[in-house]
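Accompanying notes for the structure given below.
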Amino acid sequence: MKRRAWLTLGAVVLGGGGIATYAVASPSADAAGDVQPKRPVKVYDLALKGTAAGKRELPRTETRQFSLLGVSWTGTAKQLEGRAQVRTRSSETGEWTAWQDLETTIDPPEDPDERSGARGASEPLWVGPSDGVQVQVVHEDGTTSTGLPKGLEVNLVDPGIATAAEQRDTGDDTDPAAFAVGGTETPAPTGSESTSASPTPTDTATSASPSAPATVSPTATPTPTPTATTPTAPPSTVPEPTIVPRSGWGADESLSPDPSEYNADVKAVFVHHTAGSNDYSCEESASIIRGIYAYHTQTEKWNDIGYNFLVDKCGTVFEGRKGGVDLPVLGAHTYGWNRESAGIAVLGDYTAAGASNAALTSVARIAAWKLGQYGVAPDSTVQLNAGATQKNFAGTSFTAGTAYTFDRISGHRDGYATECPGSSLYAQLPTIRAWAAGPVQGLKLTSLTGATLSGSTYYTKGAITAKWSATTPSSLISRFELLVDGKVVASAAGTATSASTTLTAGTHKVAVRAVHQSGRTTPATTALTVATDTTAPTFSTTPRLTLRTGTVSTTAVPVTLGWKAADSQALKSVSLLSPTTATFGPTTTSSSRTAKSGTASIWSMKAYDVAGNTRTSSPSYTPMILQETSATKSGSWTARSSTSYLGGKSYSSGSKGASLSWTFTGRSASWVVSRASTSGQAYVYVDGTKVATVDLKSSTTKYRDAIWTKSWSSSAKHTVKIVVVGTSGRPTVTTDGLVYIK
């Protein structure tokens, strides 16, 4: 088992003889008022010291504010083979973070110039405003630090204040002065401050993540030399997204004085992540980029930031390496493949968590635009010439000078042995390719307003609004098209979610399709059948009121409301509007109700079809009660009094042949009786014709019982006559009147 040696900058002094030192700066006053002064980026380099035991260490160090850090060493030929970890103290809470890994297995420069002071380095780590640091480095190859690169130091970056938005932030961001050392003893200074550097042009990669597999020692090979001549920017086949220029994030152009170099074209795009925290606010994005820029130029001695573009989690796109966003600027992002590609980095670490949809959208847009300048589809593949002999993260070997197949939108790990852009973001690359290339994904026609579904058909009076959704972000969509019977009847912007039209009479097929910004058209959605119906329903049978059996009172007469409604397309429902309310299905044609006697009531009904057309019918009916005293009688009848009878009185007779008759003008009639177990039978005659024999016998006593009814299709004069049958043993018939509807 290998033995490990630890180098620590922090609270634990490793090995005897270590002396704790503290770097303290004199405070400076905040600017008065609501606007802070601009503050330049500053980089502080703290060397790791050696001890008599052969270990290098720096005791606990307190600093003024910094927000980004990394570990670097002399030269670029040797990598730090081990594990570097850091802890930082929040300047806002005073709390120390847990240990965080620094990625040290990163892309080497393709054209190193050791005389320029180029340094090997870990990936920079954004930690947010901090004022204390600890670092520990674990080695796998010995018991002492002899296997470590020389010149190990910790590099702390304060991104300063550069943009107008940051100047309006009135937080306590004091200007960090040069590191001073103090404490119980006065040891030698432990750090130096750099506000400028002598950058040297390099071409290397930047983002990576831990646990990359072992690689073949990279060997560079001659590749086509990029030109310093500024080429002409070719037009793209897709719109250019909004890009924050370098001035927008506060780039100090003095840090990259060398002229830009250009490739012949952009054949592919490599996607990266910058590692570090995902907890940053998008207001911090500019300062994060300034920190990376300062780290690349002042710590690693590159000639500029390595990425061509950077994207934050809110989807804002930033110009990275200078030279013109619309030009094929030579970047330093993917070792061995920079000569034919562009690099896009997403701020944050996407090893465990995926990037936001906003970030994915912007990566897709910038990739589509850059590749569109050279007429290539983002979902195609391309042959790229290897600029170095090496392996990628998956273990695929590349030989310098040989062509290999890549996706036009690839991950950093496809070209170099790194986890970058993180497993989660790498798994999202197919989504980025699909969004960038088109056609529009996930298009669905979700609803039709102005139309109602019945069965498999929508019905409308003509005006409809189609609503849809798509999974491809709207910023990548050129337009939507509403189709009726296969023809475009309306177009809407890519940001729209609906379109309206008016359909002519008849049955139609309605669908929607989308046109991607690339020009690729999504096949139309499954068409919906829509029938245009402008004809109102009809009442083939006008609402009519007829009497029914049941208990009658002077205020409530049992009736049946009947109707028949129809529609040329599809009847939806029928509603009763007065004298009470109710709603019925399309196949219902009657309802048992009660009506107030002696009062004319309007029975208003409204028929609805599925398209929304309506028709109303409002006939009037009046139930009337004819007391027994108003009847023409023959034979012997006895008057009886009780509050249980209509009007308080009734007639009874047990004489065979005794009769009562009423004459009225109406359309429905019912005979009202009292009933008991001793009640007998009666014959019923209508207009002189015997129509029924009615038995009044009941096991329970009933009063005001409408026992017999008769209705006609229209109102007319009628005579109803009852005759006592004289039933053996129970001859009595008790009548309580006649009800009719006029």
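Assuming a ≥ b ≥ c are the square roots of the Cα gyration tensor eigenvalues, decide whether segment 290-444 counts as rounded (a/c under 1.5), prolate (otherwise, with a/b larger than b/c) or oblate. Let's see the in-between values first.
On the way: a/c = 1.37, a/b = 1.12, b/c = 1.22.
Judged from the Cα gyration tensor, segment 290-444 comes out rounded (a/c under 1.5).
Leaving ligands, DNA and RNA out of it, report the carbon-plus-sulfur percent of the accessible area of segment 378-448 at a 1.4 Å probe. Please list the in-between numbers first.
On the way: 1120 of 2400 Å².
Taking all protein chains in place, segment 378-448 shows 47 percent carbon and sulfur surface.
Can you work out D for segment 504-599 in µm² s⁻¹ from Stokes-Einstein, where Rh is the Kirkwood radius over C-alpha pairs, the temperature is 37 °C and the viscosity is 0.692 mPa s? Please list the in-between numbers first.
Working: Rh = 17.6 Å.
The calculation lands on 187 µm²/s.
Averaging sequence separations of C-alpha pairs under 8 Å and six or more residues apart, then dividing by the length of segment 410-526, give the relative contact order as a whole percent. Spell out each step's value before the answer.
Working: 225 pairs, mean separation 29.0, N = 117.
Contact order relative to length: 25 percent.
Quick one: P(r) of segment 584-742 from all Cα-Cα pairs, 10 Å bins, percents rounded to integers, in order of increasing distance.
Spelled out per bin, shortest first, that is 10, 36, 29, 15, 8, 3, 0.
Output ³J(HN,Hα) for segment 541-546: one whole-Hz value per residue in order, computed from phi by the Karplus curve 6.51 cos²θ - 1.76 cosθ + 1.60 with θ = phi - 60°, and x for Gly and Pro.
Per-residue couplings from phi come out as 10, 4, x, 9, 10, 10 Hz.
Hey, can you find the accessible area per residue of segment 306-449 for me, probe 1.4 Å, expressed in square angstrom?
Working: 3850 Å² over 144 residues.
Per-residue accessible area for segment 306-449 comes out at 27 Å².
Could you work out the percent of alpha carbon pairs in segment 257-363 separated by over 20 Å, rounded to a whole number? Before the final figure, lay out each step's value.
Numbers: 2096 of 5671 pairs.
Roughly 37 percent, rounded to a whole number.
If packing is taken as the average count of other Cβ atoms within 10 Å, what order do 452-460, 318-326 fall into, highest mean first? Provide the component values of the computation, followed by the final result.
Working: 452-460: 16.8, 318-326: 22.4.
Going by the mean number of other Cβ atoms within 10 Å, highest first, we get 318-326, 452-460.
5 Å is the cut-off here: which amide hydrogens, built 1.01 Å from N in the peptide plane, fall below it relative to Val317, excluding neighbours closer than 5 in sequence?
When sequence neighbours closer than 5 places are left aside, the close amide H contacts are Val244.
Of Tyr621, Ala692, Ser601, which is farthest on the positive side of the dipole of segment 598-742, counting Cα position, with +1 on Lys and Arg Cβ, -1 on Asp and Glu Cβ, and the Cα centre as origin?
Of Tyr621, Ala692, Ser601, it is Ala692.
Tell me, how many Å apart are the Cα centres for segment 249-286 and for segment 388-430?
Rounded to whole Å, the Cα centres lie 20 Å apart.
Take the residue pairs Lys572/Lys606; Lys649/Lys702; Lys78/Lys313; Lys509/Lys564; Lys49/Lys78; Lys38/Lys301 and return only those whose Cα atoms are more than 22 Å apart.
Lys78/Lys313; Lys509/Lys564; Lys38/Lys301
Scattering from the C-alpha atoms of segment 678-742 alone, worked out with Debye: what is log10 I(q)/I(0) at q = 0.13, 0.14 1/Å?
Values, matching the q order: -0.39, -0.45.
What accessible area per residue comes out for segment 555-641, rounded to a whole number of Å², with a 1.4 Å probe? Please list the in-between numbers first.
On the way: 4110 Å² over 87 residues.
Counting only protein heavy atoms, the per-residue value for segment 555-641 is 47 Å².
From the backbone phi of segment 594-606, what are the Karplus-calculated ³J(HN,Hα) couplings (6.51 cos²θ - 1.76 cosθ + 1.60, θ = phi - 60°) in whole Hz, Gly and Pro given as x?
Values, residue by residue: 10, 10, 7, 6, x, 10, 6, 10, 8, 9, 9, 10, 10 Hz.
Quick check for you: with a 1.4 Å probe and neighbouring chains kept, what is the accessible area per residue of segment 250-296, in Å²?
Details: 1410 Å² over 47 residues.
About 30 Å² of surface per residue is accessible.
In sequence order, what are the phi-derived ³J(HN,Hα) couplings for segment 475-481 according to the Karplus relation 6.51 cos²θ - 1.76 cosθ + 1.60 with θ = phi - 60°, rounded to whole Hz, with x for glycine and proline?
Ordered by residue, 3J(HN,Hα) equals 5, 9, 10, 6, 6, 10, 10 Hz.
Got a number for carbon plus sulfur as a percent of segment 242-354's accessible area, 1.4 Å probe? Present the calculation step by step, with values, prior to reporting the outcome.
Details: 1420 of 2780 Å².
Using a 1.4 Å probe with all protein chains present, segment 242-354 comes out at 51 percent carbon and sulfur.
Which lysines have a Cα lying under 16 Å from the Cα of Lys596, excluding residues fewer than 8 positions away in the same chain?
Lys742
Sequence neighbours fewer than 8 away in the same chain don't count; with that in mind, list the lysines whose C-alpha is under 18 Å from Lys656.
Correct list for Lys656: Lys633, Lys690, Lys697, Lys721.
The values are calculated or read from the model by the stated rules, or taken from the named source; none is laboratory data. On a predicted model such as this, the values are computed, not experimentally measured, just so you know. Counting neighbours? That spans all protein chains shown, and the Cβs are built from the backbone with ideal geometry, glycine included. Keep in mind that these areas ignore ligands, DNA and RNA; they rest on the heavy atoms of the full protein, side chains included. Shrake-Rupley method; radii C 1.70, N 1.55, O 1.52, S 1.80 Å.
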